[in-house]
Amino acid sequence: MNEDQRIPGVNTMAIAALVFAVLLPPFGIIMGHIARAQIKRTGEGGRWLALTALIVGYTLLACLCGIPIVVLGV
C-alpha cells in the first residue's frame, strides 16, 4: 500500500480523553475537546470516542459537583 493511501488510525488523544474522563473528569473534558479539534483537522478516526469522553466527563463532573450541594443543602 502506498504511503499516500494509508487508512487513518484512531486519534490517541481521543482514547486518552475517555480514560481521563472516567478518572479525572476535568482533564478528560479538556482532552476530549482537543481530540475533536485534531480529528477534524487530520481526518483520523475516534470522533465517537472523543464525544463519549465529553459526555462522560461532563456527566461525572456534574455529579461530583452536585452531590455536595444536595447533601449540604446549599
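Quick notes on this one:
- Residue under evaluation residue 54, criteria (1) under 8 Å from the mean Cα position of the chain (by Cα); (2) without any contact (Cβ under 8 Å) to a residue 24 or more places away in the chain, criterion not met: (2)
- Qualifying residue in the stretch 47-64 (condition: out of contact with any Cys (no Cβ under 6 Å at 6 or more places or on another chain), part of a loop (DSSP other than H, G, I, E, B) and modelled with pLDDT under 95): no
- Complete set of residues in the stretch 16-43 that are surrounded by 15 or more Cβ atoms within 10 Å (Cβ to Cβ) and among the basic types (Lys, Arg): 36
The values are calculated or read from the model by the stated rules, or taken from the named source; none is laboratory data. Being a predicted model, the structure only gives us computed values, none of them experimental. Positions of Cβ are backbone-derived with ideal geometry, glycine not excepted, and every protein chain shown enters the neighbour counts.
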